[in-house]
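Working notes, beginning with the structure itself.
The values are calculated or read from the model by the stated rules, or taken from the named source; none is laboratory data. Quick caveat: nothing in here was measured; it's all calculated off a predicted structure. FYI the Cβ positions are ideal-geometry reconstructions off the backbone, even for glycines, and counts take in every protein chain you see.
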Amino acid sequence: MACEPQMGPGGAAGPLPTSPGWSALPVGSPPGWGQELRNGQVLTVLRIDNTCAPIAFDLGAAEEQLQTWGIQVPVDQYRSLAESALLEPQVRRYIIYNSRPMRLAFAVVFYVVVWANIYSTSQMFALGNHWVGVLLVTLAALSLTLTLMLIFERHQRKANTNTDLRLAAANRALLRHRVLLGVTDTVEGCQSVIQLWFVYFDLENCMQFLSEHVQEMKASQESLLRSRLSQLCVVMETGVSPTGMVEEAENLLEDAPLLPSGPQPTQRPLVQTELYQLVPEAEPEEMAQQLLAVFGGYYIRLLVTSQLPQAAGTRHIDSPRVPCPCQLIEAHILGTGCCPFLAR
């Protein structure tokens, strides 16, 4: 199995969610006793209720469970990076609004609205038998709704700038500890639950392969490499200090008569947008490490939800059909495909 969940002692991190292709460790088998960690093996999962506030991940419990596997990862190295990436209010709202139940509810509303609009429009034309017209309207509305759901499903297979890529800094800090983080969301009853996955992955071989691949592309396909990397950008908003503008205005109005004192209107903060490149031009080793850090969260999300594209062969993972991170990056990020990769 590519993914094998760790049943922590006492259930400190909570029960692991079931997913196609999963099998739990044998009951009563202590972690680390004669068991060798394999790439893609789930170490632990932290779960929090997204509908409550304030919330925080119990990273202390995760540290204890990682230590049972012999992995020493100080929480201070990634606590602020993981929590600031996932627990901001706007990110939590985004996760709720993009959850599967919310998309299903939207699809139902979409179907009802489309059916009513098509039916009211069809009344202006003679369609013969009334039931035939209703059947045609229903088929048309169903087709459009299924198309919308397929678009939603395809959208979920892309890297998400609001969740997956926000874990890049935390994953960069955890690469040397052979751990990758990924985030998923689910609904239990009426509660939205965020799941933070800790997955073992020794990326040394993947990093070496990607370094050689980037070096080869620089030598023979530099234009393609630049084109692909130029698409891996995000728009960031940064505040601008108005001090310089105020000083310039004061110099221009130095000789002007003073205005009467009074309440000053509240000024809106100045914001400028910048295009930030996720994988800047650097040495092949540095670019390979950045690629694995940026897309590590995306890879883990697809891995634990069984959404990874099947591969004819694998390089650095036990499962014969599951691609390793360097295969996914080579084929779907640095490859020749023209489809946009980042979810907008």
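Number of residues in region 48-100 that are among the hydrophobic types (A, V, I, L, M, F, W, C) and part of a loop (DSSP other than H, G, I, E, B): the value is 9.
Within region 47-62, the set of residues being of a type outside the set (Ser, Thr, Tyr), at pLDDT below 80 and in contact with a helix residue (DSSP H, G or I) (Cβ under 9 Å, 6 or more places away or on another chain) comprises ASN50, ALA53, ILE55, ALA56.
Scanning region 307-325 for residues that are closer than 16 Å to ALA159 by Cβ, buried (at least 20 other Cβ atoms within 10 Å of the Cβ) and in contact (Cβ under 8 Å) with a residue 40 or more places away in the chain gives a single hit, PRO325.
For (1) outside any helix (DSSP H, G or I); (2) in contact with a Lys or Arg (Cβ under 8 Å, 6 or more places away or on another chain); (3) modelled with pLDDT under 90, each residue gets a yes or a no:
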| site | (1), (2), (3) |
| --- | --- |
| GLY128 | yes, no, yes |
| GLY133 | no, no, yes |
| SER143 | no, no, no |
| LEU146 | no, no, no |
| ASN171 | no, no, no |
| VAL183 | yes, yes, no |
| VAL193 | yes, yes, yes |
| GLN208 | no, no, no |
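Before we move on, is GLY133 without any contact (Cβ under 8 Å) to a residue 60 or more places away in the chain and surrounded by 16 or more Cβ atoms within 10 Å (Cβ to Cβ)? Taking the combined requirement at face value, the residue satisfies it. The residues on offer are ARG178, ARG154, and the sole one that is at pLDDT below 90, out of contact with any helix residue (DSSP H, G or I) (no Cβ under 7 Å at 6 or more places or on another chain) and not aromatic (Phe, Trp, Tyr) is ARG154. Can you pull out the residues in region 271-317 that are under 25 Å from ALA219 (Cα atoms) and of a type in the set (Val, Ile, Thr)? Residues satisfying the conditions are VAL279, VAL294. Would region 236-249 turn up any residue that is closer than 19 Å to GLN289 by Cα and modelled with pLDDT of 65 or more? The answer is no, given that none of the residues of region 236-249 is closer than 19 Å to GLN289 by Cα and modelled with pLDDT of 65 or more. Restricting GLN90, GLN72, GLN65 to those that are at pLDDT 80 or above, under 21 Å from the mean Cα position of the chain (by Cα) and not hydrophobic (A, V, I, L, M, F, W, C) reduces the list to GLN90. Mind counting the residues in region 273-306 that are surrounded by 12 or more Cβ atoms within 10 Å (Cβ to Cβ), more than 17 Å from ALA173 (Cα to Cα), out of contact with any Cys (no Cβ under 9 Å at 6 or more places or on another chain) and touching a residue at least 24 places away in the same chain (Cβ under 8 Å)? Selection size over region 273-306: 4.
Number of residues in region 291-312 that are within 17 Å of LEU210 (Cβ to Cβ) and at pLDDT below 90 equals 1.
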